[in-house]
Amino acid sequence: MNRKRRQLLQGLGLALCLPALPAWAATAPIRKTIPSSGELLPVIGMGTWITFDVGGDLISRAERLKVLQAFFERGGTLIDSSPMYASSEDVIGWCLKRLPPQPLFAATKVWTWGRALGLRQMEASRRFWTVPRFDLMQVHNLLDWETHLETLQAMKAEGRIRYIGITTSHGRRHEELEAAMRAFRFDFVQFTYNLDDREAEARLLPLAAERGIAVLANRPFQGGNLFGRVRGKPLPAWAREIDCENWAQFFLKFVVSHPAVTCAIPATSKPAHMQENMGALYGRLPDAAMRQRMARYFAALS
């Protein structure tokens, strides 16, 4: 290991200096209830698709450690990943081992065919994360979900996981997801929802509310595309009414203010962006009238 990398690693966990929080951030973080248990969950979590897939590069891992430190210090708990995300789970575990113990809500997925391979994959994920058990295990993109559901029910009964979920993304396979939600009362469901992709408002979000299923909203920035729509445009002055200081908070507060959404899981590789994201965990959320105003304003930008 060269001298530069050695010095970098020696300072891990101590290098991040967070800027002062605005006055409204001194309030408690916004949390919502998981319907199946009554447990409260902060409304802003963290995704890891692409952003934490950095392999063994120590410089990149050190930067992800700062991202995770900012997430925890600003009140986050839920981290979402998957075996599909290449080295992301290994990087998460590497970071967790280098931070003080945190109030972690660990969520990952099973993404393979068959019971035996599923069990093997979930155990590999647990070792990567270095956690005694997962809080939430989800069937990724509905792959062989009926087979895995039987396994997950047994694991939950044995205390090896706490919650069962099912996922899709990019607005795909909503009909199949709806059928699964009607067939079994999952604890969590995960799908795409943001200001540019509101298809879930028609059926999935009302169904989740009806069935008492917590919702994780993935791709709340539409893979970063929302920022392209507002590049060079100032945040409207009236965004201060819901304590938004930047576009990231504007986008996230729209998502988590939907009554059926429990938590949004934006992903980032930059500590400064994580600090911006976590600002959405504090202050006021938009009411129904403000949500309509936000949607109209965003639509007019296109």
Farthest positive-ward along the chain dipole, Cα basis, beta-carbon charges - from Gln249, Cys95, Tyr282: Cys95
Give the residue list of trypsin sites (Lys or Arg not before Pro) in segment 208-286 that are DSSP loop and have at most 11 other beta-carbon atoms within 10 angstrom. Arg231
Cα-projected label distance for His174 with Arg211, points at 7 Å along beta-carbon direction, nm: 1.5 nm
Could you work out [θ]222 nm for the chain from helices alone, using -39500 (n - 2.57) per DSSP H run of at least four and dividing by all its residues? Round to the nearest 500 deg cm²/dmol. -11500 deg cm²/dmol
Label-point separation (nm) for Arg231 and Ala116, each offset 7 Å from Cα along Cα-to-Cβ? 5.1 nm
On full extension of the chain, what length is gained from Asp57 through Arg31, given 0.36 nm per residue of separation minus the C-alpha to C-alpha distance? 5.9 nm
How do Ile92, Ile265 rank when sorted from fewest to most other Cβ atoms within 10 Å of their own Cβ? Ile265, Ile92
When Trp113, Trp247 are arranged by how many other beta-carbons sit within 10 Å of their Cβ, fewest first, they go Trp113, Trp247
Tell me the Kirkwood hydrodynamic radius of segment 89-145 in angstroms, computed as one over the mean inverse distance between distinct C-alpha pairs. 12.0 Å
Relative contact order for segment 39-300: what percent, with Cα pairs under 8 Å and sequence separation of 6 or more? 21 percent
Just how many pairs of Lys in the chain have C-alpha atoms closer than 23 Å, counting pairs that are eight or more places apart or on different chains? 14
In nanometres, what is the gap between the two model label sites at Arg182 and Ala157, each 7 Å from Cα along Cα-to-Cβ? 2.7 nm
Separation between Cα centres of segment 129-143 and segment 236-277, rounded to whole Å: 25 Å
Give me the dipole magnitude in Debye, nearest 20, for the chain about the Cα centre, with unit charges on the beta carbon: positive for Lys and Arg, negative for Asp and Glu. 820 debye
Return the single residue from Ala86, Ala272, Ala289 with maximal mean-square fluctuation; model: Gaussian network over the chain, springs between Cα atoms under 10 Å. Ala289
Can you find, among Gly38, Ala264, Ala179, the residue sitting farthest towards the positive end of the charge dipole of the chain, where Lys and Arg contribute +1 and Asp and Glu -1 at Cβ? Ala264
Largest-first principal axis extents, alpha carbons of segment 39-300, Å: 54, 45, 29
How do His273, His174 rank when sorted from fewest to most other Cβ atoms within 10 Å of their own Cβ? His174, His273
Indicate the helices, whole DSSP H runs only, in the chain that combine a mean Kyte-Doolittle hydropathy of 1.0 or more with a Cα extent along their long axis of 27 angstrom or more. none
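None of the figures in this text is laboratory data; all of them are computed from the coordinates on show. Only a predicted model underlies this, so the values are computations on that prediction, with no experimental measurement involved. A quick note on method: Cβ atoms are made from the backbone with ideal geometry, for glycine too, and the neighbour counts reach across all protein chains shown.
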